[in-house]
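Below: one structure, written as structure tokens.
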Amino acid sequence: IVFRTIYSRSTSSPVRKQNEQNVIKAVIFDIGGVLVTAGLDVLIQALHKGLGLTQAAFERIEYLIKYSQPAKELRSDKISYDKFWQAIRAGIQAEFGKDIFEFKPQEELTRIWHEGYQLIPETFETLKQLKARGYIIGIISDNVRERMDYLRTKFNLKDYVDFEVLSYEVGADKP
């Protein structure tokens with residue numbers, strides 16, 4: 001984040017008027033990988049180790065969980081966690097002959113995923129300082145409803161965040 005302040009001695013200065021229009025009033029943070037670590041990566045690593053799959057299989061599982069159609073539908077709130085996990089389970093069984101629910105039950109996989117998120121201290125400190133200075137703070141995320149609820153509670157985000165732009169609410173992935 002870069003801030004630039006230009007001072008002028010005269011309030012009627014064209015430079016000051018122009019810069020008043022460009023004053024930063026709000027700062028928006030992404031969630032995953034910016035404000036918090038990528039919890040999904042913790043889940044994918046756990047599956048990789050627990051299922052004993054090759055690196056190529058690991059990359060395919062990463063694709064299934066992050067980018068497949070069920071993943072997109074989960075992010076846009078078109079399917080439930082249950083349907084998402086059933087689709088991922090079926091995909092992994094079809095491709096690798098392994099049942100992820102024999103490794104861990106669905107609830108445990110979800111717990112690993114959620115608990116994998118940790119605050120990135122430097123970013124969170126910046127967010128708190130900006131909030132204390134009066135900036136409007138927003139977050140943007142492709143995270144799903146259940147994870148956002150979890151993250152809001154775990155990190156007490158309501159005390160720091162003024163607004164959210166969430167894929168599942170607006171019906172589109174972030175750019």
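The values are calculated or read from the model by the stated rules, or taken from the named source; none is laboratory data. The shown structure was predicted, so the numbers you read here are calculated from the model rather than taken from an experiment. All Cβ positions, glycine included, derive from the backbone under ideal geometry; neighbour counts span all protein chains shown. When the accessible area is computed, the model is the full protein with side chains, heavy atoms only, and any ligands, DNA or RNA have been set aside. Shrake-Rupley method; radii C 1.70, N 1.55, O 1.52, S 1.80 Å.
Residues being open to solvent by less than 50 Å² (accessible area, probe 1.4 Å), part of a loop (DSSP other than H, G, I, E, B) and modelled with pLDDT of 50 or more: count how many of those fall in the stretch 1-32.
Result for the stretch 1-32: 1.
Report, ordered by the first and then the second residue, all pairs with beta carbons closer than 6 Å, sequence separation of six or more or different chains, a first member in the stretch 154-167 that is at negative phi and free of Cβ contacts under 8 Å to residues at least 60 places away in the same chain, and a second member that is open to solvent by 20 Å² or more (accessible area, probe 1.4 Å) and in a helix (DSSP H, G or I).
Going by the 6 Å Cβ cut-off, the qualifying pairs are Y160/K131.
More than 26 Å from V23 (Cα to Cα) and surrounded by fewer than 16 Cβ atoms within 10 Å (Cβ to Cβ), is that true of N143?
Numbers: more than 26 Å from V23 (Cα to Cα): yes; surrounded by fewer than 16 Cβ atoms within 10 Å (Cβ to Cβ): no.
Here the answer is no, as N143 does not meet what is asked.
Within the stretch 131-150, track down each residue that is of a type in the set (V, I, T) and more than 18 Å from S80 (Cα to Cα).
First, the residues of the stretch 131-150 that are of a type in the set (V, I, T): 136-137, 139-140, 144.
Those that are of a type in the set (V, I, T) and more than 18 Å from S80 (Cα to Cα): I136, I137, I139, I140.
Among the residues in the stretch 60-81, are any assigned to a helix (DSSP H, G or I) and more than 24 Å from S141 (Cβ to Cβ)? Write out each step before concluding.
Applying the first criterion (assigned to a helix (DSSP H, G or I)) to the stretch 60-81 yields 60-67, 69-75, 81.
When the remaining residues are screened for being more than 24 Å from S141 (Cβ to Cβ), the result is 60.
Yes: one or more hits.
Can you spot a residue in the stretch 114-123 that is in a strand (DSSP E or B), touching a residue at least 12 places away in the same chain (Cβ under 8 Å) and surrounded by 14 or more Cβ atoms within 10 Å (Cβ to Cβ)?
Taking every residue of the stretch 114-123 in turn, at least one turns out to be in a strand (DSSP E or B), touching a residue at least 12 places away in the same chain (Cβ under 8 Å) and surrounded by 14 or more Cβ atoms within 10 Å (Cβ to Cβ).
Keeping to the stretch 58-115, report how many residues are closer than 19 Å to Y150 by Cβ and small (G, A, S).
The total comes to 3.
Looking only at the stretch 146-175, how many residues end up being open to solvent by 60 Å² or more (accessible area, probe 1.4 Å) and under 11 Å from the mean Cα position of the chain (by Cα)?
Count: 1.
Identify all residues within the stretch 93-108 that are in contact (Cβ under 8 Å) with a residue 40 or more places away in the chain and either part of a helix (DSSP H, G or I) or closer than 24 Å to D173 by Cα (or both); write none if there are none. Explain how you work it out, then say what you get.
Keep residues of the stretch 93-108 that are in contact (Cβ under 8 Å) with a residue 40 or more places away in the chain, which gives 96, 98, 100, 103-104.
Once the filter is applied, which keeps residues that are in contact (Cβ under 8 Å) with a residue 40 or more places away in the chain and either part of a helix (DSSP H, G or I) or closer than 24 Å to D173 by Cα (or both), the stretch 93-108 yields F96, I100, F103.
Which of the residues belonging to the stretch 127-175 are of a type in the set (S, T, Y) and touching an Asp or Glu at 6+ places or on another chain (Cβ under 8 Å)? Working first, answer last.
In the first step, residues of the stretch 127-175 are kept if they are of a type in the set (S, T, Y); the result is 135, 141, 150, 153, 160, 167-168.
Listed by number, the residues that qualify are S141, S167, Y168.
May I ask you to list the residues in the stretch 83-113 that are open to solvent by 20 Å² or more (accessible area, probe 1.4 Å) and aliphatic (A, V, I, L, M)?
A87, A90, A94, I112
Starting from the stretch 22-51, take each residue that is of a type in the set (S, T, Y) and list its partners that are at pLDDT below 90, counting only C-beta distances under 7 angstrom and pairs at least six apart or across chains.
none
In the stretch 124-134, which residue that is open to solvent by less than 90 Å² (accessible area, probe 1.4 Å) and of a type in the set (K, R) is nearest to the chain's Cα centre (by Cα)?
Checked the stretch 124-134; the qualifying residue nearest to the chain's Cα centre (by Cα) is K128.
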